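The values are calculated or read from the model by the stated rules, or taken from the named source; none is laboratory data. Note that the structure is predicted; figures quoted are calculated from it, not measured. Counting neighbours? That spans all protein chains shown, and the Cβs are built from the backbone with ideal geometry, glycine included.
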Number of protein chains: 4
Amino acid sequence: MSNSIGTIFRVTSFGESHGRCVGAVVDGCPAGLRIDDVFIQRELDKRRPGQSGVTTPRGEEDQLELLSGVFEGHTTGAPIAMLVWNRDADSSKYDALRYTPRPGHADYAAWARYGGLNDHRGGGRFSGRITVGFVMAGAVAKALLDSVGVEVLAYASAIGGVEAPEVTLEEARENTERIPVRCPHIPTAEKMVAAIEVAKAAGDSLGGEVSCIATGLPAGVGQPVFDTIEGDIAKALFAVPAVKAIEFGAGRQVASMRGSEANDPYILHEGRVATSSNNMGGVLGGLTDGMPVTIRCAFKPTPSISLPQCTVDLAAMEKAEIELRGRHDPCVVPRAVPVVEAMVAIVLADHALRAGLIPQVLGSSK
Amino acid sequence: MSNSIGTIFRVTSFGESHGRCVGAVVDGCPAGLRIDDVFIQRELDKRRPGQSGVTTPRGEEDQLELLSGVFEGHTTGAPIAMLVWNRDADSSKYDALRYTPRPGHADYAAWARYGGLNDHRGGGRFSGRITVGFVMAGAVAKALLDSVGVEVLAYASAIGGVEAPEVTLEEARENTERIPVRCPHIPTAEKMVAAIEVAKAAGDSLGGEVSCIATGLPAGVGQPVFDTIEGDIAKALFAVPAVKAIEFGAGRQVASMRGSEANDPYILHEGRVATSSNNMGGVLGGLTDGMPVTIRCAFKPTPSISLPQCTVDLAAMEKAEIELRGRHDPCVVPRAVPVVEAMVAIVLADHALRAGLIPQVLGSSK
Amino acid sequence: MSNSIGTIFRVTSFGESHGRCVGAVVDGCPAGLRIDDVFIQRELDKRRPGQSGVTTPRGEEDQLELLSGVFEGHTTGAPIAMLVWNRDADSSKYDALRYTPRPGHADYAAWARYGGLNDHRGGGRFSGRITVGFVMAGAVAKALLDSVGVEVLAYASAIGGVEAPEVTLEEARENTERIPVRCPHIPTAEKMVAAIEVAKAAGDSLGGEVSCIATGLPAGVGQPVFDTIEGDIAKALFAVPAVKAIEFGAGRQVASMRGSEANDPYILHEGRVATSSNNMGGVLGGLTDGMPVTIRCAFKPTPSISLPQCTVDLAAMEKAEIELRGRHDPCVVPRAVPVVEAMVAIVLADHALRAGLIPQVLGSSK
Amino acid sequence: MSNSIGTIFRVTSFGESHGRCVGAVVDGCPAGLRIDDVFIQRELDKRRPGQSGVTTPRGEEDQLELLSGVFEGHTTGAPIAMLVWNRDADSSKYDALRYTPRPGHADYAAWARYGGLNDHRGGGRFSGRITVGFVMAGAVAKALLDSVGVEVLAYASAIGGVEAPEVTLEEARENTERIPVRCPHIPTAEKMVAAIEVAKAAGDSLGGEVSCIATGLPAGVGQPVFDTIEGDIAKALFAVPAVKAIEFGAGRQVASMRGSEANDPYILHEGRVATSSNNMGGVLGGLTDGMPVTIRCAFKPTPSISLPQCTVDLAAMEKAEIELRGRHDPCVVPRAVPVVEAMVAIVLADHALRAGLIPQVLGSSK
């Protein structure tokens, strides 16, 4: 049951990197939501491999197949099963790696967990490719949130030590898709591209950070004490391969602040309660406070690098060395941006439903 | 249902800061675990208020009441209900605050969530006092993990910008309880105490960081893709009031590393697979890799400060100013240390059970 | 985690027959529900032992202790913990039974499940006494359902082969509490009392049936395909000790009907869709159809009888004979009536919340 | 989330009667289980339409498509997604029925639940066709149970008032598939066929009962107090369209027994504890007692009949009459037999995993 997430809006993930397909089942989406195949496909295209020089050349079309739950262009309240077929899987290079786990990958941990019986080809279930299903489900979540005026936007805020300055919501909305690294601050984006190219040329890889902002949620969304907005978003994001740290609002910086600095003072703004700063990232006590929810998560560099690495031969239980020659992203951040957006949207759609913000049937009084 | 956490080892929290009691029900603990009241009480004493000059003077004895699930000194497999009675609640100062939410507290968000019907006294369900229940449940989890050789240790690693250098496991084990701030590096601990005293004198408060290390887990524990070790720990820790950021291993630093630096090379160590560094914090692909699980989380400064603060009067919908005169910790970190330890233990006990590491009946072949 | 039931309105049960207490935590009850201690106590009194000559003489007061979740007479949205202390437990007779399981009781199955480590005294967790917690939680559920016009009524419909004719809702409402066996058809009730007295005099016990009717639910409540109204009620009722069969509407009789008899024709009744018969018991496709939900469940005779019975000595693994001398109900049905009502109410409260029939804050527009 | 069932072995159902496909995702199956496509296909063939004169002529091949979770002939521990494509859906007759709900069907309840937005064609999600997914998932569960010696067998025990005498396990195993009605008592089976033909000729339909027996479970499987063997089986079976009553062991008959008759005395049999009768149906206190688990469930007659029926026009809100001309089973029981078997197997596989009877990796020491 560990391949499902959410309480009311519940996503079940399936598929492997080199199996027949990757997909997802979305259960709990209210009836009456208009489903636009073109919109879901556009989201898929954002994480599709081979989209630019800074991504892997694996040539997948990632064409959406909508299997159930939609009738006459709208959701029916039934589970929405979706998948894309795997077409360009090249498993030839993986046999050699079956017993020599790649450092930084899940190979060894998975081998221990599944007694060596997991599908190891291309990382199997641990491949970034499974996030195809997350993005499809996230597209449904984004459409659902849009129906109540909630918007989720993610963008690259750091790559290989190159940090973007803060951007406005409008800049994020308009510029993120303009440059393949998905950083809305264009001069920084150009430096990021350059940094990736340098690392790639060296057979190495880079990490980075993705920021995400969600607007339009009223105060009081969340389910304390355990199903907090922060906890549920963090849990969802740690399912994205390579994430190692998650922060809300001022994040780790709060540790060196004083209370008088960190506390966001309440003000009245256009007749509504707001705060004059947002160090708390829009969440207090696990509940939204009406301010934008701001998230930042750190991605490690792609573990697949072309340089020789030390490992262990699990069959012989002796030292070994490997050099990887697959098709990899030199930095996962650009393609992770739509995935972060998807995961945050999935969590917030679930919480919006739990809070009763979204009716059980859209376009109905119920 | 949001007041329960865990899949097999499941903890349900109840109680309020100024209600009759705070407590927890632990469901799913195997039969046959020896329950030592003295051990649970000792854990409670670590987070008890009034234990030192750096904590709140609220005078609670926090005496454990074990209500069910234990027979002849051992768990029976039945739910373990536990509570402590609230004795020293002083609600007099909270009436004035009912409609003027304290900045940095959950007051306003809770007011929005519950239509103003929540128990606001002392923060009610949003008070740090509810972590009494977490610590009781965590003590059971720690005993259960101890039965299979897993140890969880937390300590203060930063307070008010004063950072501790890295410590060994032995230093953490021996020194953490020696100084009230719970930092095992004694010279740093002394600086932290001084920093707290300065902030307190100024009517202000400090944030900080808690580090936690879990040892003894074999490789392969965890339930991908959503019930990851990192995700479940993060979710549990964000239920602890004041946490704003969570990192594993090298954490946010991975964002500026290259793959060749970040990847932990595999080695053979005493006949077993290990890694020569631990940037991944003992988790890959959501699964343990056999190395210690290392966690770091950032706490914001106590929002209750004595300085005047801007807020809004929710009844009149107009600007207001408040000054707080309650009994508060100038820094929550020292008392948060046992709480972090408890939450991590609760998650790992659950995952150890899910992985089949712990039998359903202890002291039995089953 | 098996001691919790429900998805939004979630009840966690704890306590043992001869431990310190029995209780429940209700999580997910909306804020703003008026909680009337007297009402909950009255529900408890209905299942209290010693209430009449047809029940066990164990002398418990079963006084409600409300521990959390209620403030100023209303629910707050926080978990509601409740318990009653055990006062009159007499464990003296149970030591002799520790290794000679009583036929018809859970003793042997529990011994196998918990390796002999369960609290065996008075049946421990398997005692009918744990239904005290169900009744307390059910009282909250009944109050919540009442706020949206849903009523749940149970009564004894058969005892020891004495069957009651069908009664109207009004008869059930008015007569059920008039005679200790809780059968609203008075002449039948008197025969049932006589039958119980005969069985009791013979040292034997009787089974029977409880009927339950829930009115006021609109059509369309339920969550197919697995969280059906029937399935969730059945699961809840099988947690009540001694239930062996559950039927909805015409129940088992449908098996020998033709489609043209069984189908309930749709009609218009006072401007609303209704059916002219109710063989389906108000549920179709797992959803309510707007007609009363009608349930019938069969209880086995109390397994504790004074006659000698064959068993096995689990320590010596040899044949044994036992005669029970505890204080037992000669027929559980009269005291099971409020328990059935409670379980059905718990399930329907959960489904009413899931269907959005009940707002998250009562007395608010939210 | 209501389209998933199970705690560790968790099945998610998707698809509609006249959509593109029907399917299931099985999550939580241990790695290392040999998956035999031919075996799953054979199970599907048992419930396939058009298999005999007593079933619907809808001509589906129901060819298994295994999408994920299997590698080199074995499960990998990853979710197993499976589907069959719908080929012979004939939706032409359903437009006329969109606003005139068929008596005995879920049409009206679904219309109320989903605001008329559900896929009504062929009953959509409420069609018996969704049990294709149950049977595929059940086949995996049966294979898993087989690995630990647990067998689940179902058969028709009554149709249209024709009741079969009790049969031995061997008779059930050998004869059930010999006659299309799936009653292992051949002379009774012939009478059942005749009864179905009479009803069919009259444009009417018949109900019946399915019995199921599960052998090979040790004592002590189950998770009291709420996740009982009986409760979880009942919940699963009420998801099968047309089930209206469920009984265990002597079932409803216990209500008119005395304790001295109903109690199953313990005996020693081949050195193990057993009972000399099985009125309890192998379950006590929600736990298995080591005896076969025996279940009986009642199916209502197929609601689709060719006779004219009264209904309501939901658009005009006025009386209406309908005559159905689709392709229907005159009695669902024969094709329900493999579905009951599947559901019971799914629940028992889950409980066997929860009890630790089945390791997390098959063919491994773990």
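Quick test of your reading of the structure: residue D:94 fulfils all but one of (1) over 30 Å from residue A:113 (Cα atoms); (2) free of Cβ contacts under 8 Å to residues at least 40 places away in the same chain; (3) among the hydroxyl-bearing types (Ser, Thr, Tyr). Name the failing condition by number.
Answer for residue D:94: the failing condition is (2).
Can you tell me which residue among C:10, C:20 is away from chain D (no Cβ under 14 Å), over 27 Å from residue C:183 (Cβ atoms) and in contact with a strand residue (DSSP E or B) (Cβ under 7 Å, 6 or more places away or on another chain)?
Values: C:10 fails: away from chain D (no Cβ under 14 Å).
None of the other options fit; the residue is C:20.
Out of region C:60-85, which residues are more than 21 Å from the chain's Cα centre (by Cα) and part of a loop (DSSP other than H, G, I, E, B)?
Listed by number, the residues that qualify are C:67, C:68, C:69, C:72, C:73, C:76, C:77, C:78, C:79.
Scan region D:340-357 residue by residue and report those that are more than 10 Å from chain B (Cβ to nearest Cβ) and not acidic (Asp, Glu). Even if it seems obvious, please write down each step before you answer.
First, pick out the residues of region D:340-357 that are more than 10 Å from chain B (Cβ to nearest Cβ): D:340-352.
Result: D:340, D:342, D:343, D:344, D:345, D:346, D:347, D:348, D:349, D:351, D:352.
Does region C:24-48 hold any residues that are farther than 21 Å from residue C:332 by Cβ and not β-branched (Val, Ile, Thr), and which are they? Walk me through how you get there before you give the answer.
First, the residues of region C:24-48 that are farther than 21 Å from residue C:332 by Cβ: C:25-41.
Hits for region C:24-48 are C:27, C:28, C:29, C:30, C:31, C:32, C:33, C:34, C:36, C:37, C:39, C:41.
Which of the residues that make up region D:323-333 are part of a loop (DSSP other than H, G, I, E, B) and modelled with pLDDT of 95 or more? Please lay out each step first, then the result.
Applying the first criterion (part of a loop (DSSP other than H, G, I, E, B)) to region D:323-333 yields D:323-330, D:332.
Correct list: D:332 only.
Within the bounds of region C:275-295, is there any residue that is part of a helix (DSSP H, G or I), more than 7 Å from every other protein chain (Cβ to nearest Cβ) and touching a residue at least 12 places away in the same chain (Cβ under 8 Å)? First the steps, then the outcome.
Just the residues of region C:275-295 that are part of a helix (DSSP H, G or I), to begin with: none.
No, that holds for no residue.
Please enumerate the residues belonging to region C:141-189 that are assigned to a loop (DSSP other than H, G, I, E, B) and surrounded by 20 or more Cβ atoms within 10 Å (Cβ to Cβ).
Matches in region C:141-189: C:150, C:160, C:164, C:167, C:176, C:179, C:181, C:182, C:183, C:184, C:185.
Can you name the residue in region B:39-63 that is closer than 17 Å to residue B:144 by Cβ and surrounded by fewer than 20 Cβ atoms within 10 Å (Cβ to Cβ) and, of all such residues, is nearest to the other protein chains (Cβ to nearest Cβ)?
Taking region B:39-63 as the starting set, the residues that turn out to be closer than 17 Å to residue B:144 by Cβ are B:39-40, B:42-43.
Going one step further and asking which of them are surrounded by fewer than 20 Cβ atoms within 10 Å (Cβ to Cβ), we end up with B:39, B:42.
Values: B:39: 19, B:42: 22 Å.
Among them, the one singled out is B:39.
Any chance region D:223-238 includes a residue that's away from every other protein chain (no Cβ under 12 Å), farther than 17 Å from residue D:345 by Cβ and either of a type in the set (Phe, Trp, Tyr) or in a helix (DSSP H, G or I) (or both)?
Initially, region D:223-238 is screened for residues away from every other protein chain (no Cβ under 12 Å), giving none.
No, region D:223-238 contains no residue that is away from every other protein chain (no Cβ under 12 Å), farther than 17 Å from residue D:345 by Cβ and either of a type in the set (Phe, Trp, Tyr) or in a helix (DSSP H, G or I) (or both).
Please indicate, with yes or no, whether at least one residue in region D:200-208 is outside any helix (DSSP H, G or I), surrounded by 24 or more Cβ atoms within 10 Å (Cβ to Cβ), at pLDDT 95 or above and more than 8 Å from every other protein chain (Cβ to nearest Cβ).
Initially, region D:200-208 is screened for residues outside any helix (DSSP H, G or I), giving D:202-208.
Retained after the next criterion (residues that are surrounded by 24 or more Cβ atoms within 10 Å (Cβ to Cβ)): D:205-208.
Still in the list and also at pLDDT 95 or above: D:205-208.
Among the residues that remain, those that are also more than 8 Å from every other protein chain (Cβ to nearest Cβ) are: none.
Checked against the condition, which is being outside any helix (DSSP H, G or I), surrounded by 24 or more Cβ atoms within 10 Å (Cβ to Cβ), at pLDDT 95 or above and more than 8 Å from every other protein chain (Cβ to nearest Cβ), region D:200-208 yields no hits at all.
Does region D:5-36 hold any residues that are buried (at least 24 other Cβ atoms within 10 Å of the Cβ), among the charged types (D, E, K, R) and part of a strand (DSSP E or B), and which are they?
D:27, the sole residue that qualifies.
Identify, from the list B:55, B:131, the residue that is farther than 21 Å from residue B:12 by Cα, within 18 Å of the chain's Cα centre (by Cα) and in contact (Cβ under 8 Å) with a residue 24 or more places away in the chain. Step through it out loud before you land on a result.
Values: B:131 fails: farther than 21 Å from residue B:12 by Cα.
Result of the check over B:55, B:131: B:55.
Here is a check on your reading of the model: is residue B:193 in contact with a Gly (Cβ under 9 Å, 6 or more places away or on another chain), away from chain A (no Cβ under 14 Å) and touching a residue at least 24 places away in the same chain (Cβ under 8 Å)? Don't jump to the end; show me each part of the working.
On the way: in contact with a Gly (Cβ under 9 Å, 6 or more places away or on another chain): yes; away from chain A (no Cβ under 14 Å): yes; touching a residue at least 24 places away in the same chain (Cβ under 8 Å): yes.
Criteria met by residue B:193.
Would you please list the contacts, defined by Cβ atoms under 6 Å and residues six or more apart or on different chains, that run from a residue in region C:69-90 that is at pLDDT 95 or above to a residue that is aromatic (Phe, Trp, Tyr)?
C:77/B:114; C:79/B:14; C:81/B:14
When region C:86-140 is examined, which residues are found to be part of a helix (DSSP H, G or I) and surrounded by fewer than 21 Cβ atoms within 10 Å (Cβ to Cβ)?
Across region C:86-140, the qualifying residues are C:92, C:93, C:94, C:95, C:96, C:97.
Among A:107, A:90, which is the only one that is under 24 Å from the mean Cα position of the chain (by Cα) and among the charged types (D, E, K, R)? If you could, list the steps in order and put the result at the bottom.
Details: A:90 fails: under 24 Å from the mean Cα position of the chain (by Cα).
Exactly one of A:107, A:90 is under 24 Å from the mean Cα position of the chain (by Cα) and among the charged types (D, E, K, R), namely A:107.
In region D:296-322, how many residues are facing another protein chain (nearest Cβ under 8 Å), more than 19 Å from residue D:208 (Cβ to Cβ) and outside any loop (DSSP other than H, G, I, E, B)? Explain how you work it out, then say what you get.
Step one: list which residues in region D:296-322 are facing another protein chain (nearest Cβ under 8 Å), which gives D:298-305, D:307, D:309-312, D:314, D:317-319.
Filter once more, keeping what is more than 19 Å from residue D:208 (Cβ to Cβ): D:307, D:309-312, D:314, D:317-319.
From what is left, the residues that are outside any loop (DSSP other than H, G, I, E, B) are D:309-312, D:318-319.
Of the residues in region D:296-322, 6 are facing another protein chain (nearest Cβ under 8 Å), more than 19 Å from residue D:208 (Cβ to Cβ) and outside any loop (DSSP other than H, G, I, E, B).
If you go through region B:203-226, how many residues are in contact with a Lys or Arg (Cβ under 8 Å, 6 or more places away or on another chain) and of a type outside the set (Ser, Thr, Tyr)? Walk me through how you get there before you give the answer.
Taking region B:203-226 and keeping what is in contact with a Lys or Arg (Cβ under 8 Å, 6 or more places away or on another chain), we get B:204-207, B:209-212, B:219-226.
Retained after the next criterion (residues that are of a type outside the set (Ser, Thr, Tyr)): B:204, B:206-207, B:209-210, B:212, B:219-226.
Matching residues across region B:203-226 total 14.
In region D:65-103, how many residues are touching a Ser or Thr at 6+ places or on another chain (Cβ under 8 Å) and under 30 Å from residue C:251 (Cα atoms)? So that I can check it myself, show each step before the final result.
Filtering region D:65-103 for residues touching a Ser or Thr at 6+ places or on another chain (Cβ under 8 Å) gives D:69-70, D:78-81, D:86, D:89, D:100-103.
Applying the additional criterion that residues be under 30 Å from residue C:251 (Cα atoms) yields D:100-103.
Residues meeting the conditions: 4.
Considering only residues that are facing chain A (nearest Cβ under 7 Å) and surrounded by fewer than 24 Cβ atoms within 10 Å (Cβ to Cβ), which ones fall in region D:68-85?
If the condition is that a residue be facing chain A (nearest Cβ under 7 Å) and surrounded by fewer than 24 Cβ atoms within 10 Å (Cβ to Cβ), then D:71, D:74 are the ones that fit.
Looking at (1) farther than 19 Å from residue D:80 by Cβ; (2) free of Cβ contacts under 8 Å to residues at least 40 places away in the same chain; (3) within 14 Å of chain B (Cβ to nearest Cβ); (4) not small (Gly, Ala, Ser), can you tell me which one residue A:101 breaks?
Among (1) farther than 19 Å from residue D:80 by Cβ; (2) free of Cβ contacts under 8 Å to residues at least 40 places away in the same chain; (3) within 14 Å of chain B (Cβ to nearest Cβ); (4) not small (Gly, Ala, Ser), residue A:101 violates only (2).
Which of the residues belonging to region B:240-274 are outside any loop (DSSP other than H, G, I, E, B), under 13 Å from residue A:104 (Cβ atoms) and facing another protein chain (nearest Cβ under 7 Å)?
As a first pass, look at region B:240-274 and keep what is outside any loop (DSSP other than H, G, I, E, B): B:243-248, B:251-256, B:258-262, B:266-269, B:272-274.
Filter again for under 13 Å from residue A:104 (Cβ atoms), leaving B:254, B:258-262, B:266.
Of everything in region B:240-274, those that are outside any loop (DSSP other than H, G, I, E, B), under 13 Å from residue A:104 (Cβ atoms) and facing another protein chain (nearest Cβ under 7 Å) turn out to be B:254, B:258, B:259, B:260, B:262, B:266.
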